[in-house]
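Values quoted throughout were computed directly from the atomic coordinates according to the rules given, and no laboratory measurement underlies them. Note that the structure is a prediction, hence the values are computed from the model and not measured. Don't worry about glycine lacking a Cβ; one is built from the backbone with ideal geometry, like all the others, and counts go over all protein chains shown.
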Amino acid sequence: MLGLNKTDTKFLLIVIFLTLATPILLQPFAENSGLAQFNAGYPDLMQRFAIYGIFAIGFNLLFGLTGYLSFGHAAFLGVGSYSAVWMLKLLSMNVLPGILLAMVVSGLFALVIGFISLRRSGIYFSILTLAFAQMSFNLAYSVLTPLTNGETGLQLSLTDPRILDAANTSGSLPVTNLFGAAMSESYKLEFLNRVFTFNVGYYFCAILAIIAFYISLRIFRSPFGLMLRAVKSNQQRMNYTGLAARPYTLAAFVISGMYAGLAGGLLASMDPLAGAERMQWTASGEVVIMTILGGAGTLMGPVLGAGFIKYLENIFSKINEHVLHGWFSWLPDGLQDLVVWIAARFTGEGWHLTLGLMFMLVVIFLPGGLMEGGQRIGKLFRRGREDVPDDGTGNRPKPAPHVAE
Amino acid sequence: MMDAILLQILNGLDKGSAYALIALGLTLIFGTLGVVNFAHGALFMIGAFCAVTLQRILSLSFDVIDPTQTDFLGNPKKIHTTYLESWLGPDIGNAILDWSVPLAIIFAIPVMILIGFAMERGLIRHFYKRPHADQILVTFGLAIVLQEIVKYFYGANPIPTPAPSAFRGSFDFGAIFGFDPNVIIYPYWRMVYFGFAAVIIAAVFAFLRFTTFGMVVRAGMADRETVGLLGIDIDKRFTLMFGLAAAVAGIAGVMYTPINSPNYHMGMDFLVLSFVVVVVGGMGSLPGAVAAGFLLGILESFASMNEIKSIIPGIDQIIIYLIAIVILLTRPRGLMGRKGVMEE
Amino acid sequence: MGILEVNGVNKRFGGLQALNNVNLSVEENTVHAIIGPNGAGKSTLLNCLIGKLAPDTGSVTFDGKSVLGRKPHEINQMGISRVFQTPEIFGDLTVLENVIIPCFAKRDGSFRLHALESVEDEAGIGERAERMLADVNMLDKRDMHAASLSRGDKRRLEMAMCLVQEPRLLLLDEPTAGMARADTNNTIELLKEIKASRDITMAIIEHDMHVVFSLAERITVLAQGTPLVEDIPANIKGHPKVQEAYLGQAHS
């Protein structure tokens, strides 16, 4: 089906099912139970899962397949966001034009930056992409203020022309929509003491994420994907086989930049605001973390990594000392204070500490990311049985992702 | 015009000094150990907080109730007295406190060497044979961790750490050299920082050139395996090297505190630029790192002149990156890079 | 007029004249060996043939067209494939994928954005790669990681990757360097089979005389950057100049 073989079709169907059922699956705990805070079925969080999933899938097409480690992918995310907000301001509150423009503009950006940066490989490539992203970030903050609105960030205002929309007489800011269906609109369903929220914005992002995933799957299985893996494996042999490596890497770079632009456009479509900090190198670092954590070069890994990090970020930042005291109230007083004190260092404000530690632990002990971890556990269970066929989730990446050299 | 140029060069020197010192350490580690250390900026930051810590220790105080004075409520007044003052008398006590930043160097060197040893033995050592991407990522994680720990103990706000009062003012640099007075005003401490950086850089180079240890290390930078074949325990020396690089970054941070009040993310801010500096100078070249550090510091300050900004708006924001891009494209190995480093 | 013509090629590295007025003609459908003591300029010559080095003066033409100034992938597209001293293969990919890649390069040229097609659906290419693997007796290893192959198998795989492109000229750079006797003999047999089964020209750079005399139809002896003699193997063996070149080398 759809140009996929049987295993891949099954795989895609599972992914589609999981994505569409996310509002239910992420709400496993009853509303008034103590565990309700671990639920993740809120529209804005689910939207971020889908959006950062797209971002990471795109990043993986470059890094996972070719081994070129870009440290400037946030620039495309930021460019996408700015483009989309401008469309929302000038044209219409319908999100489609903004998203299309976001992809086109970020694609053009990627073409220029990639054309220059790909003349070098290894760490030089990483530094070049970083330099371009930092330049964009600095310019967005300073001289490009007319386009980016500097530190405040680009926002909607009542005086925006929005030439395709009917005049806004309500006196309040309009909301983003898709042909009239507001992104913020939700349908709530109460069932089994749980509230399931089906949000328009989430499903819009989810459908795009599924398409993005499907395209990535096709690329993985295509001759083009094979060439990208050849770039990572041995560029010398590739050249002596009559293949030019650079057009392949440039195409991968542009595709991956457009994925980032799409993610940026979606961020702006869900919350019509674009700030320069979205382009900062820490944001570029974040997508690297997501991809590695999940497993670079695997199909599902980046999505898992993105979801994992966004989920932990959300949950960990919510846990404060009060909550912790509630959890550890069964401990004797002195011990309770100690345990709470320690736990508090890693939660709430301390979330970044946890992130840093997690990052180190993954790179040290699990260079292949969560996917490899999952496969190792899977192997433990399957030991003694027949050789298990490839489950289609990965392309057997080398144990350690590496920089192309 | 001459004076304007001189002023910009001077302004670029202190930032350039910091870039050069950090880039020097990065290059030492990269050249000897082959490790791309993204936590090096964090070492700079920890050094700065060594100065803050010493300042806090020195100003530990107790309260004495002075019955002869009363506060505005009529109660006997409490007087803060530092232990230092009560032990050594007000003159010496206050002088020591006043000089806490330079004194912090003595405090920071052993601390930084220990941290360097611990890092190398505990973490970096296991990454020698791993791909550069893994090294970048694990040290990036470490940098976040160190940063968060400092943030917990010292808070998120910058902590003012003044220079000794003798160096607090500025002097009319231009007047000394026959320019119009009041045009080239330069703070004393920046001059001190530049001099300090020059001494440290010279010391590191002398150390590498004239000591046997340094010669082995330089040989190791040129060809690791051969040195290993000579039966020299290069690993132990590399540990020492890491400690040395950490100490250089640390004291660079200590001395920088009066110029910019330290905050927990200063390391990251400097790291990105220092990496660009290393690449511009040429991966693995110590003179390249130092030259590029000063060059970029000075160019950055030129680019922030109003005359230049009015011609090319925003140039001050991007000049360093722009230069890095141009250099990388025209001279793939950087200004002074050696053949065969990080390429294939 | 040979398929590969080298005319008056000079190459200097600083004070060293690595190649001194080299003239060489490789006839179509022959196995031509280039031998010579260490430092005779064999590798420099080879690098000039495949575009890695540019000679200072002189011309190199393949099938009447100059190869100078062309990039390695363009030279390959002209019909020249190269086997390296240490086998260059795609270690991360499977054996079959290693052979599939050159098939695409042969069919589609140096670049084609076939991002949404499936490798599996390219039946013609898959079959061709499998037939090639069968030819070199490696079909049973098709799903193995290329990096995990033995050295001899890596060499076999590299040959397969070159041959599947049906090159007109195959350049071999010391194909048996560092091999045990048995592996060397296998390689010789493989090369003989290859030669017997198709129209192909081979240029071999080698200093193992056993290999050279088992395979070559013509031999050029290179010494100090200059071709000394070019002749059929029988005449090379006892040639006084050749012995002088080798013995002189041994004495110095």
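C:Leu228's amide H: which non-local residues (gap 5+, or another chain) put their own amide H closer than 5 Å, with H modeled 1.01 Å from N in plane and none for Pro or chain starts?
HN-HN under 5 Å from C:Leu228: C:Val221, C:Leu222, C:Ala223.
Check cross-link reach from C:Lys65 to the aspartates and glutamates: straight Cα distance under 13 Å, and skip same-chain residues fewer than eight apart.
Straight-distance partners of C:Lys65: C:Glu5, C:Glu74.
Select from A:Ala306, A:Ala182, A:Ala36 the residue whose mean-square fluctuation is largest in a Gaussian network model of chain A (Cα-Cα springs shorter than 10 Å).
For chain A, modelled as a Gaussian network with Cα springs under 10 Å, the answer is A:Ala36.
Connecting C-alpha atoms closer than 10 Å in a GNM of chain C, tell me which of C:Gly238, C:Gly64, C:Gly36 has the biggest fluctuation.
C:Gly238
Summarise the partner chain shielding of C:115-128 as one whole number: the mean count of Cβ atoms from other chains within 10 Å of each residue's Cβ.
4
Considering amide H positions built from the backbone, and no H for Pro or chain starts, which residues 5 or more places from C:Leu172, or on another chain, come under 5 Å of its amide H?
C:Val83, C:Ala203, C:Ile204, C:Ile205
Given only helices, namely DSSP H runs of n ≥ 4 each adding -39500 (n - 2.57), what is the per-residue ellipticity at 222 nm of chain B, to the nearest 500 deg cm²/dmol?
-23000 deg cm²/dmol
Could you work out the helix-only [θ] at 222 nm for chain A, with each DSSP H run of four or more residues adding -39,500 (n - 2.57) and the total divided by the number of residues, to the nearest 500 deg cm²/dmol?
About -20500 deg cm²/dmol.
Of the options A:Gly356, B:Val138, A:Phe125, report the single residue whose Cα projects farthest towards the positive end of the charge dipole of the protein assembly as shown (beta-carbon charges: Lys, Arg +1; Asp, Glu -1).
Value computed over the given set: A:Phe125.
Taking the beta-carbon count within 10 Å as an exposure proxy, list A:Met87, A:Met290 from fewest neighbours to most.
A:Met87, A:Met290
What percent does the relative contact order of segment C:88-166 come to when contacts are Cα pairs within less than 8 Å and at least six residues apart?
53 percent
Where both partners of a DSSP beta bridge lie in the protein assembly as shown, what percent of those bridges are antiparallel, to the nearest 5?
70 percent
Who wins for biggest fluctuation among B:Pro76, B:Pro187, B:Pro110 in a Gaussian network model of chain B, springs between alpha carbons below 10 Å?
B:Pro76
Order these by the 10 Å Cβ neighbour count, fewest first: A:Leu312, B:Leu208.
In increasing order of surrounding Cβ atoms, one gets A:Leu312, B:Leu208.
Which value, in debye to the nearest 20, gives the size of the charge dipole of the protein assembly as shown about its Cα centre, when Lys and Arg are +1 and Asp and Glu are -1 at the Cβ?
For the protein assembly as shown, the charge dipole is close to 1280 debye.
Report, ordered by chain and residue number, the lysines lying within cross-link reach of B:Lys129, taken as a straight Cα distance under 29 Å and ignoring same-chain residues fewer than 8 apart.
Cα-Cα hits under 29 Å: A:Lys232, A:Lys379, A:Lys398, B:Lys236, B:Lys339, C:Lys154.
Through the Karplus equation 6.51 cos²θ - 1.76 cosθ + 1.60, θ set to phi - 60°, convert the phi angles of segment A:289-304 into ³J(HN,Hα) values in whole Hz; use x for Gly and Pro.
Residue by residue, segment A:289-304 yields 4, 4, 5, 5, 4, x, x, 5, x, 9, 6, 7, x, x, 5, 4 Hz.
Which residues' amide hydrogens lie under 5 Å from the amide hydrogen of A:Asn199, considering only partners 5 or more residues apart or on another chain, with H built in the peptide plane?
So A:Asn199 has HN proximity to A:Tyr187.
Suppose we flag trypsin sites (Lys or Arg not before Pro) only when DSSP calls them loop and at most 12 other Cβ atoms lie within 10 Å. Which is the longest uninterrupted stretch of chain A?
In short, A:1-382.
Report Rg (one decimal) and Dmax (nearest whole number) for segment A:40-281, counting Cα atoms only, units Å.
Every Cα atom of segment A:40-281 included, Rg and Dmax give 19.4, 66 Å.
Give me a comma-separated list of calculated 3J(HN,Hα) values for segment A:165-180, in order, Karplus coefficients 6.51, -1.76, 1.60 applied at θ = phi - 60°, integers in Hz, x for any Gly or Pro.
For segment A:165-180, the Karplus curve yields 8, 5, 4, 8, 10, 6, x, 10, 5, x, 10, 6, 8, 10, 6, x Hz.
Among B:130-141, B:245-256, how do they line up from the highest to the lowest mean number of other beta-carbon atoms within 10 Å?
B:245-256, B:130-141
For the peptides B:287-296, B:120-129, what is the packing order when you average, over each peptide's residues, the other Cβ atoms within 10 Å and list the highest mean first?
B:287-296, B:120-129
Just to be sure I understand: of the beta bridges DSSP finds with both ends in chain C, what percent are antiparallel, rounded to 5?
That works out to approximately 55 percent antiparallel.
Among B:Leu58, B:Ile46, B:Gly243, flag the residue with its Cα farthest along the positive direction of the charge dipole of chain B, charges on Cβ as +1 for Lys/Arg and -1 for Asp/Glu.
Working it through, the farthest residue towards the positive pole turns out to be B:Gly243.
Fully extended, how many nm does the chain gain between B:Val64 and B:Arg209 (0.36 nm per residue separation, minus their Cα-Cα distance)?
Residue separation times 0.36 nm, minus the Cα-Cα distance, leaves 46.7 nm.
Choose one of A:Leu77, A:Ala268, A:Tyr240: the residue whose Cα lies farthest towards the positive end of the charge dipole of segment A:40-281 (beta-carbon charges +1 Lys, Arg; -1 Asp, Glu; about the Cα centre).
Value: A:Tyr240.
Per residue of A:14-21, what is the mean number of Cβ atoms on other protein chains within 10 angstrom of that residue's Cβ?
0
Run down the aspartates and glutamates and flag those whose C-alpha is under 12 Å from the C-alpha of B:Lys309, throwing out any fewer than 8 positions away in its chain.
B:Glu300
Quick one: compute the contact order of segment A:40-281, relative version, from alpha carbon pairs under 8 angstrom and 6+ residues apart, as a percent.
Once divided by the residue count of segment A:40-281, the mean separation gives 44 percent.
Viscosity 1.002 mPa s, temperature 20 °C: give me the Stokes-Einstein translational D for the protein assembly as shown in µm²/s, with Rh taken as the Kirkwood radius over C-alpha pairs.
Estimated diffusion coefficient is 66 µm²/s.
Quick one: dipole size for chain A, taken about the Cα centre, charges +1 on Lys/Arg Cβ and -1 on Asp/Glu Cβ, in debye to the nearest 20.
Dipole about the Cα centre, nearest 20: 1520 debye.
Once you keep just the Cα pairs under 8 angstrom separated by 6 or more residues, what percentage relative contact order results for chain B?
So the answer I get is 34 percent.
Going by how many other beta carbons lie within 10 Å of each one, how would you line up A:Ser329, A:Ser256, A:Ser142, B:Ser304, fewest first?
Going from least to most buried by this count: A:Ser329, B:Ser304, A:Ser142, A:Ser256.
State to the nearest 20 debye the size of the charge dipole of segment C:88-166 about its Cα centre, where the only charges are +1 on K and R beta carbons and -1 on D and E beta carbons.
The dipole of segment C:88-166 has a size of about 340 debye.
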